[in-house]
Amino acid sequence: MKAWRLHEKEKLSLDELPAQSVGDGCVKLKTLASGISLTDTAMYTGKLPLESSPLIIGRQCVGMVTETGEGVSGLVRGDRVAADPCVCCKTCPPCKANRADECEKMICYGVNDNGFLSDFTVASANALYKLPERITDGDALFIEHIALSINAVSKLNLEKGEHIVIVGADALGIILAQVALYYQAVPILVDTDGESLALAENLGVYYTVNSVDADPMKKIFAITGGKMADCVAFVTTSRMAFGRSLEYASVGGRVALAGWTEVTEEFSGSFSAILDKKLKVVGVNNGAKLFPAAINLLATRTVDVSKLVSREVKFDDVENFIKEQADNADGFILAAVKA
Ligand SMILES: [Zn+2]
């Protein structure tokens with residue numbers, strides 16, 4: 001098999017590896033599409049430490065089942081599946097308490113275990129979810145974003161009719177806004193990039209604020225009738241200031257930090273609003289066990305991700321693309337790699 005492996009910071013190579021055996025409870029997949037995300041470039045540049053080495057990078061995968069190991073039921077050769085990169089241990093106290101997303105020993109493919117930028121891959125059957133025909137390979141790369149968004153909305157206890165300010169209109173922010181609409185809440189999306197906000201508007205997000213042109217405080221004050229937002233979700237890949245976003249919350253408001261890796265340098269600033277307004281702050285970095293719910297939202301077109309892939313990259317061009325991004329990050333969101 002061929003796999004893109006990161007050996008150390010800035011040392012990525014396409015390695016020829018012996019075929020992997022398929023262990024009990026595991027499934028071999030032929031990769032149909034995988035993704036390159038900011039997690040991969042952050043590990044490449046050393047911004048995110050490499051937890052194991054060499055590491056096959058890539059946390060998104062759509063594949064075709066080619067072989068199943070002992071004890072696998074419900075999946076057969078030829079099935080098309082998406083892989084959840086986060087697999088919980090089922091034995092730690094949070095897992096036993098049905099809080100899988102807080103698992104203490106979570107395996108995260110592409111971060112602390114081999115990911116999916118390879119022609120074939122072997123993954124735990126527990127991590128795989130069958131895809132309905134109507135979901136394209138490219139769209140399926142965003143299932144993790146949708147699952148994380150559902151988890152964020154749940155952790156925030158977002159209620160019908162409540163206002164949620166979402167800071168950061170990248171793929172995760174735009175998907176989170178669509179999920180908030182599905183929950184009948186009122187999203188207000190804030191960013192500095194007019195193009196991303198226009199895309200969100202096209203997808204039905206009717207309150208957007210370009211913080212270059214307008215003061216978000218004033219606009220949010222007006223939209224919420226002066227009470228400010230019940231919830232604030234700060235997308236960690238946003239390049240805006242986290243401290244500032246706390247000001248958008250009402251007294252007693254709920255705040256989520258949502259994402260996988262922080263690219264913002266703006267965690268500085270005053271966090272006094274947490275005390276002053278008695279805010280509740282939660283961190284959400286996965287959508288454990290929410291893949292089926294996310295697949296539903298995609299299959300019913302409740303969440304539209306069709307315009308969110310920022311680049312299509314050929315399998316052989318992965319290194320060039322990541323190098324280019326490392327030198328000159330254009331704020332790409334997710335690049336789809338076709339096998
Ligand atoms: Zn666990």
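The values are calculated or read from the model by the stated rules, or taken from the named source; none is laboratory data. This one's a predicted model, so the numbers in the text were calculated from it and none came from an experiment. A quick note on method: Cβ atoms are made from the backbone with ideal geometry, for glycine too, and the neighbour counts reach across all protein chains shown.
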Handout entry: Residues within segment 89-120 that are assigned to a loop (DSSP other than H, G, I, E, B), away from the ligand (no atom under 12 Å from the Cβ), at negative phi and not hydrophobic (A, V, I, L, M, F, W, C), tallied
Key = 4
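Restricting attention to segment 37-88, which residues are acidic (Asp, Glu), at pLDDT 90 or above and either part of a loop (DSSP other than H, G, I, E, B) or within 16 Å of the ligand (Cβ to nearest atom) (or both)? Working first, answer last.
So the first thing to find is which residues in segment 37-88 are acidic (Asp, Glu), and the list is 40, 51, 67, 70, 79, 84.
Right, trim to at pLDDT 90 or above and you get 40, 67, 70, 79, 84.
Glu70, Asp79, Asp84, listed by residue number.
Can we say Asn98 is out of contact with any Phe, Trp or Tyr (no Cβ under 6 Å at 6 or more places or on another chain) and within 16 Å of Ala288 (Cα to Cα)?
Details: out of contact with any Phe, Trp or Tyr (no Cβ under 6 Å at 6 or more places or on another chain): yes; within 16 Å of Ala288 (Cα to Cα): yes.
Criteria met by Asn98.
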Problem - Failed item, numbered, when Phe221 is tested on (1) in contact with a Lys or Arg (Cβ under 6 Å, 6 or more places away or on another chain); (2) modelled with pLDDT of 95 or more - result: (1)
Exercise for the section: Please specify each residue of segment 300-330 satisfying the condition of being surrounded by 13 or more Cβ atoms within 10 Å (Cβ to Cβ), of a type outside the set (S, T, N, Q) and under 14 Å from Ile175 (Cα atoms). Expected result: Val303, Asp304, Val305, Leu308, Val309
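Could you list all residues from segment 121-136 that are outside any strand (DSSP E or B) and more than 16 Å from the ligand (Cβ to nearest atom)? Break it down into steps so the answer makes sense when it comes.
Step one: of segment 121-136, the residues outside any strand (DSSP E or B) are 125-127, 131-136.
Within segment 121-136, Ala125, Leu131, Pro132, Glu133, Arg134, Ile135, Thr136 qualify.
Of these, Gly173, Gly138, Gly161, which one is surrounded by fewer than 24 Cβ atoms within 10 Å (Cβ to Cβ) and at pLDDT 95 or above? Break it down stepwise before answering.
Details: Gly173 fails: surrounded by fewer than 24 Cβ atoms within 10 Å (Cβ to Cβ); Gly138 fails: at pLDDT 95 or above.
Sole residue among the options that is surrounded by fewer than 24 Cβ atoms within 10 Å (Cβ to Cβ) and at pLDDT 95 or above: Gly161.
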Handout entry: Output for segment 235-257, where each listed residue is modelled with pLDDT under 95, surrounded by 24 or more Cβ atoms within 10 Å (Cβ to Cβ) and of a type outside the set (Ser, Thr, Tyr)
Key = Val235
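Could you please give the count of residues in segment 13-36 that are outside any loop (DSSP other than H, G, I, E, B) and more than 23 Å from the chain's Cα centre (by Cα)?
Looking only at segment 13-36, we keep the residues that are outside any loop (DSSP other than H, G, I, E, B), and these are 13-16, 26-36.
Now drop any that are not more than 23 Å from the chain's Cα centre (by Cα), which leaves 13-16, 26-28.
Matching residues across segment 13-36 total 7.
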